[in-house]
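The values are calculated or read from the model by the stated rules, or taken from the named source; none is laboratory data. Treat the numbers as computed from the prediction; the structure is a model and nothing was measured. Note that we place each Cβ from the backbone using ideal geometry, even for glycine, and neighbour counts take in every protein chain shown. Just so you know, the surface numbers come from the protein's heavy atoms only, side chains and all, with ligands and any DNA or RNA stripped out. Shrake-Rupley method; radii C 1.70, N 1.55, O 1.52, S 1.80 Å.
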Amino acid sequence: MHTIQPIQPVRGTHDLIGDHKLSHLHVIQTARHIVSLYGFEEWSTPIFEETRVFSRSLGDLSDVVSKEMYSFQDREGESLTLRPEGTAAICRALVTNTLTQSLPQKVFYTGPMFRYERPQKGRYRQFHQIGAELLGAAEPLADAEVIAMGFEVLKALGIADSVTLELNTLGDTQSRDAWRKALVDYFVAHKHRLSEESLTRLEKNPLRILDSKDEGDKTLLAEAPTIEPFLTPESRIFWEELQQNLNMFGVQYVVNPYIVRGLDYYNHTAFEFVTTHLGAQGTVLAGGRYDGLVNQMGGPDVPAIGWAAGVERLSLLLKEKPQAARSVVLVPIGAPSQERVCHILQGLRAQNIRTEIGYKGSLRKRMERAGKRNASHVIFIGEDELARDVVRVKNMENGQETEVTCACLMQEAKEILSHDFE
Ligand code: ATP
Ligand code: MG
């Protein structure tokens, strides 16, 4: 007999099972709860879009568009892309659903994203994000509120003390143009020290050099001009107000003049919550203002600010792993009436009690399995119990067994089992 090699998941993708899935869900549910307190509503957009949704908006030279997209032609020859991020699609959806008429829109989303990257801890080819976008608010108060909301998510997850908020401004177009010019002059003067990749960026999009991961480039960046002296008076006011507002929300930050974010669409605010606990994958939640993006999707000018965070990275930072819910396990002994067994199972579930049946096997095996499932109680029903209309309830914490009538169990199981089932 020849053995068939088991098929592995695609490199950089993972099954989410057991503790991994529990942590994952915990991150998403915690975020959902926090953002709902800020009036955000959840949207879902398709997992694939026309390629131009992303190529147009993120910038041809961004890492994502230039080398990370999963693009393919469908059977009609149309170029489609598995979404590498959420913001561009949310803006597309805002326009296609004519919601630019009813602003502001406060959007939360979660789901898988796809990027062709070198897989390592905290970096995968299919990963998951939670993200929030506030569309239709131009004032720095909105930026501060959205950042504060991100921070509250991190706090609720118990990881706020492992992260630092790094903040920068990219100014308005005028400020950025002046700064870009100064940067180009600087980089041209030090051209011989730039990596090959950054030399290409120098011609097409010099700001992107600030995002370089190349060590040589990084030493050069230390002396590079910052945007600060080039800010227009309006941009300066925006920047100062943002900082004041963040203080009002009680959010601490450090200014990092080199944060430009990897995508082209940002202006004014750019920020990253970073950690030193995940090696090179230090950014956990990041975002900024993107006032021009909705317009690029064929809509009107809609000012907007948002962030996204990697669910896997957040899960890795959780200090306490969420526990699986506990069950009550019903163990039929011998061959009691199946009708009665079903009746009890459904009766308990109807009282919101997580109830499972201890399927076949020796009693010892079934008790072992109940233990593995971390059952709070085991309920036995055999022929003798059936005849007397009772069950035996064993508390798995203290080993105590009590006899209870079926009628009682069907009416007040919660009190009888007096255990935390939530
Ligand atoms: P990095 O600098 O780590 O590549 P990025 O700037 O590409 O991050 P964004 O596009 O801003 O990341 O995405 C927001 C968040 O999504 C990141 O901060 C990170 O937590 C998560 N993320 C991005 N790419 C991946 C990936 N390949 N695997 C897992 N999480 C990711
Ligand atoms: Mg990246």
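Quick notes on this structure:
- Selection status of residue 165, in the same structural domain as residue 307 (by TED's automatic domain parsing), touching a residue at least 24 places away in the same chain (Cβ under 8 Å) and under 15 Å from residue 317 (Cα atoms): no
- Restricting attention to the stretch 348-385, the residues that are more than 35 Å from the chain's Cα centre (by Cα) and of a type in the set (Lys, Arg) add up to 4.
- With respect to the conditions (1) out of contact with any Gly (no Cβ under 9 Å at 6 or more places or on another chain); (2) under 29 Å from residue 15 (Cα atoms), residue 338 lacks only one, and its number is (2).
- Within the stretch 227-260, tally of residues that are part of a helix (DSSP H, G or I) and of a type outside the set (Lys, Arg): 18
- Lone unmet requirement of (1) within 15 Å of ligand 1 (Cβ to nearest atom); (2) open to solvent by less than 40 Å² (accessible area, probe 1.4 Å); (3) among the β-branched types (Val, Ile, Thr) for residue 164: (2)
- Options 411, 338, 346, 323: the member that is at pLDDT 95 or above, open to solvent by 50 Å² or more (accessible area, probe 1.4 Å) and outside the structural domain of residue 159 (by TED's automatic domain parsing): 346
- Long-range neighbours under 7 Å by Cβ, at least six apart or interchain, first residue more than 16 Å from ligand 2 (Cβ to nearest atom) within the stretch 92-117, second in a strand (DSSP E or B) and acidic (Asp, Glu): 92/49; 106/41; 107/41; 107/133; 108/41; 108/42; 109/42
- Test for residue 281: is it part of a loop (DSSP other than H, G, I, E, B), surrounded by fewer than 20 Cβ atoms within 10 Å (Cβ to Cβ) and of a type in the set (S, T, N, Q): yes
- Of the residues screened, residue 302 is one that is open to solvent by less than 10 Å² (accessible area, probe 1.4 Å) and part of a loop (DSSP other than H, G, I, E, B).
- Of all residues making up the stretch 92-147, the number that are closer than 27 Å to residue 239 by Cα and among the aromatic types (Phe, Trp, Tyr): 1
- Residue within the stretch 313-326 that is closer than 30 Å to residue 96 by Cα and outside any loop (DSSP other than H, G, I, E, B) present: no
- Helices (runs of 4 or more DSSP H) enclosed by the stretch 345-421 - at least 2 residues per element that are closer than 28 Å to residue 18 by Cβ: 363-372, 406-417
- Filtered residues of the stretch 11-40 (kept if open to solvent by 100 Å² or more (accessible area, probe 1.4 Å) and hydrophobic (A, V, I, L, M, F, W, C)): 17, 37
- Qualifying positions in the stretch 56-82 - in contact with a strand residue (DSSP E or B) (Cβ under 8 Å, 6 or more places away or on another chain) and within 24 Å of residue 198 (Cβ to Cβ): 69
- Candidates 46, 140 - the one that is in contact with an Asp or Glu (Cβ under 8 Å, 6 or more places away or on another chain) and either outside the structural domain of residue 268 (by TED's automatic domain parsing) or away from ligand 1 (no atom under 15 Å from the Cβ) (or both): 140
- Boolean, residue 305 is modelled with pLDDT under 95, of a type in the set (A, V, I, L, M) and touching a Leu at 6+ places or on another chain (Cβ under 8 Å): no
- The single condition among (1) surrounded by fewer than 16 Cβ atoms within 10 Å (Cβ to Cβ); (2) under 28 Å from residue 31 (Cβ atoms); (3) hydroxyl-bearing (Ser, Thr, Tyr) that residue 290 does not satisfy is (1).
- The residues in the stretch 241-266 that are open to solvent by 60 Å² or more (accessible area, probe 1.4 Å) and modelled with pLDDT under 85 can be counted, and the count is 1.
- Of 326, 313, 289, all but one fail to be touching a residue at least 24 places away in the same chain (Cβ under 8 Å), basic (Lys, Arg) and closer than 25 Å to residue 237 by Cα; the exception is 289.
- Number of positions in the stretch 160-180 that are part of a helix (DSSP H, G or I) and not aliphatic (A, V, I, L, M): 9
- Every residue from the stretch 181-195 that is outside any helix (DSSP H, G or I) and open to solvent by less than 40 Å² (accessible area, probe 1.4 Å): 194, 195
Table: residues versus (1) touching a Leu at 6+ places or on another chain (Cβ under 7 Å); (2) open to solvent by less than 90 Å² (accessible area, probe 1.4 Å); (3) on the phi > 0 side of the Ramachandran plot.
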{"site": "352", "(1), (2), (3)": "no, no, yes"}
{"site": "361", "(1), (2), (3)": "no, yes, yes"}
{"site": "365", "(1), (2), (3)": "no, no, no"}
{"site": "369", "(1), (2), (3)": "no, no, no"}
{"site": "372", "(1), (2), (3)": "no, no, no"}
{"site": "388", "(1), (2), (3)": "no, no, no"}
{"site": "391", "(1), (2), (3)": "yes, yes, no"}
{"site": "397", "(1), (2), (3)": "no, no, no"}
{"site": "402", "(1), (2), (3)": "no, yes, no"}
